[in-house]
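A short write-up of the structure that comes next.
The values are calculated or read from the model by the stated rules, or taken from the named source; none is laboratory data. Bear in mind the structure is a predicted one, so any value in this text is a computation, not a measurement. A quick note on method: Cβ atoms are made from the backbone with ideal geometry, for glycine too, and the neighbour counts reach across all protein chains shown. To get the accessible areas, we keep the full protein, side chains included, count just its heavy atoms, and leave off ligands, DNA and RNA. Shrake-Rupley method; radii C 1.70, N 1.55, O 1.52, S 1.80 Å.
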Amino acid sequence: MTPTLYFPIDACAGIDNPDAAPYDRQWLVVDADGRWLTQRDHPALAQVAVAIRFGYLVIRAPGMLRMDIPLDVIEDDESVWRHATIGKQRVDVVDEGDLAAAWISNFLGVPSRLVKVHPDAPEVLWES
């Protein structure tokens, strides 16, 4: 039986930990204009390893220090609310901050940001 894979950060490596199920596709990487980045755009995203540990989303990539991002944060700070474009859909997201942006930008070699789908956003229509 093949284990179910979950993708807490869309386009990054999947994990088979059932604790990740509630966080499947909760995060994504966007470019400087807020457009969703996929493995087609940046194949290196597949090298970003993701884990769920002790209330944190743990991300690792070759040549990078580990980054831990709290999982369950109340998204009430409007100063970090943004919009992302996923396919043709405009989605409300929460920016994970400059440190996470520097981490993913350094790894990919292009200005990027790590964002989380806002909990009150309508269902995201992920395109292939």
* Low-density loop positions, chymotrypsin sites (Phe, Trp or Tyr not before Pro), the stretch 22-128 - DSSP coil, at most 11 other Cβ in 10 Å -> 54
* Asked: Quick one: if you stick a label point 7 Å off each Cα along the C-beta vector at residue 90 and residue 106, how many nm between them?
  -> 3.4
* Asked: How big is the chain on each of its three principal axes, counting only the C-alpha atoms and giving the largest first in Å?
  -> 39, 30, 29
* Structure fact -> Diffing the stretch 67-73: the Karplus 3J(HN,Hα) column from phi (6.51, -1.76, 1.60, θ = phi - 60°), in whole Hz with x for Gly and Pro, holds 10, 10, 10, x, 6, 10, 10
* Return the carbon/sulfur percentage of the accessible area of the stretch 1-84, one whole number, probe 1.4 Å, all protein chains in place. => 53
* Taking the simple approach of a point 7 Å from Cα along Cα-to-Cβ for both residue 66 and residue 39, what is their distance in nm? -> 2.4
* Which residues make up the longest stretch of the chain clear of trypsin sites (Lys or Arg not before Pro) that lie in a DSSP loop with no more than 15 other Cβ atoms within 10 Å, not counting the sites? -> 89-128
* Structure fact -> Along the stretch 2-17, Karplus-curve 3J(HN,Hα) (6.51, -1.76, 1.60; θ = phi - 60°) to the nearest Hz, with x for Gly and Pro, reads 7, x, 6, 9, 10, 10, x, 10, 4, 6, 9, 4, x, 9, 9, 7
